[in-house]
Amino acid sequence: EVQLVESGGGLAQPGGSLRLSCAASGFNFTNYWMHWVRQVPGKGLAWVSRVNSDGSSTTNADSVKGRFTISRDNAKNTLYLQMNSLRAEDTAMYYCARNREGNCTGGSCLNWFDPWGRGTLVTVAS
Amino acid sequence: DIQMTQSPSTLSASVGDRVTITCRASQSINSWLAWYQQKPGKAPKLLIYKASTLESGVPSRFSGSGSGTEFTLTISSLQSDDFATYYCQQYNSYSYTFGQGTKLEIK
């Protein structure tokens, strides 16, 4: 069964840091681009960050540029999100999600997301 | 960045109704659009991709159409399990933007 399980969420102070993890199983993790998507409680979905298959290329939303870093460890089948300089507006449920199609090249890497994990909640407050 | 605008934001309907949700892109995204369903406390679930391709296992009462900048999600005959929030998402560019969501409520 294809599965994504997030962890690492919790309470952080403004200006603080957290590292989220997403453990992948049931598929060849090495072949897929991966993403983080967040959702403020009661609000809509917002894409945060993506990493390519080997971790050599990343893209971040403007809202987190310079503060969040996405990475992956293909030997451990794990995706990460290092979140620094946290702000109250970063409070959200954070989901990891997989590109639907693996072994992508060029434009085919622009892909829809499936599956998604269940999410991990990050709260930034003093 | 490409902006995605859904309408309506809230839709009240009854079991058996046919409903349509619209998603408009600020520039052409060809057919690079997905629709997701989300229920409270759950992760989004993929319904449709490439604007009109039904995900395996999704009931055939769901359908998608459109290309360019205007897209629709139609549920032909609402079932009680369909009351949820629906999001469109463009994947034409690396900004991967979502619509703001349409909450489908029981009338």
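Taking chain A as a Gaussian network of alpha-carbon nodes connected by springs under 10 Å, the highest mean-square fluctuation of the residues A:50, A:72, A:87 belongs to A:87.
For the range B:1-67, the alpha carbon positions stretch 35, 27, 26 Å along the principal axes, listed from largest to smallest. The ranking of A:90, B:17 by Cβ neighbour count inside 10 Å, starting from the fewest, reads B:17, A:90.
Each Cα pair under 8 Å and six or more residues apart adds its separation to the average, and for chain B the resulting relative contact order is 38 percent.
Springs between Cα atoms under 10 Å define the GNM used for chain A, and in it the highest mean-square fluctuation of A:45, A:86, A:20 occurs at A:45.
When the convex hull of the C-alpha atoms of the range B:28-107 is computed, what volume per residue in Å³ does it have? Before the final figure, lay out each step's value.
Working: hull volume 8.1 nm³, N = 80.
So the per-residue Cα hull volume is 101 Å³.
Restricting the calculation to Cα atoms, every distinct pair contributes to the Kirkwood radius of the protein assembly as shown, found to be 18.0 Å.
Roughly speaking, what % of Cα-Cα pairs in chain A are separated by over 21 Å, rounded to a whole number? Don't jump to the answer; show the numbers that get you there.
Working: 2608 of 7875 pairs.
Result: 33 percent of Cα pairs exceed 21 Å.
Step through the table entries A:43/B:103; A:43/B:39; A:76/B:39; B:45/B:103; B:50/B:107, compare each Cα-Cα distance with 19 Å, and write down the pairs that go over it. Check vs 19 Å cut-off fails for A:76/B:39; B:50/B:107.
Roughly how many whole Å is it from the C-alpha centroid of the range A:82-126 to that of the range A:25-55? Going from one Cα centre to the other spans 4 Å. Counting other Cβ atoms within 10 Å, which trypsin sites (Lys or Arg not before Pro) in the range A:1-46 have at most 14 and lie in a DSSP loop? Taking the range A:1-46 and a limit of 14 other Cβ atoms within 10 Å, the loop trypsin sites (Lys or Arg not before Pro) found are A:43.
Taking label points 7 Å from Cα along the Cα-to-Cβ direction, residue B:27 and residue A:126 give a separation of 4.1 nm. Calculated FRET efficiency, residue A:74 to residue B:93, Cβ-Cβ distance, R0 = 22 Å: about 0.25 to the nearest 0.05.
With the convex hull constructed from alpha-carbon coordinates only, the range A:68-126 shows a mean projected area of 5.4 nm² over all directions. In the range B:38-82, the convex hull through the Cα atoms has an average projected area of 3.7 nm², a quarter of its surface area. Between residue B:80 and residue A:63, the distance separating the two model label sites (each 7 Å from Cα on the Cα→Cβ line) works out to 3.5 nm. For a footprinting-style exposure proxy, rank B:102, A:58, B:10, B:69 by other Cβ within 10 Å, fewest first. Listing B:102, A:58, B:10, B:69 from fewest to most nearby Cβ atoms yields B:10, A:58, B:69, B:102. Footprinting exposure proxy ranking of B:29, B:106, fewest other C-beta atoms within 10 angstrom first, gives B:106, B:29.
When the Debye formula is applied to the Cα atoms of the range A:1-62, each taken as the same point scatterer, what base-10 log of I(q)/I(0) results at q = 0.13, 0.24, 0.27 Å⁻¹? For the range A:1-62, the Cα-only Debye profile gives -0.45, -1.26, -1.32.
We did not get these values from a lab; they are worked out from the coordinates using the rules stated. Remember, it's a predicted structure, so these values are computed and weren't measured experimentally. All Cβ positions, even for glycine, are placed from backbone atoms using ideal geometry, and neighbour counts span all protein chains on display.
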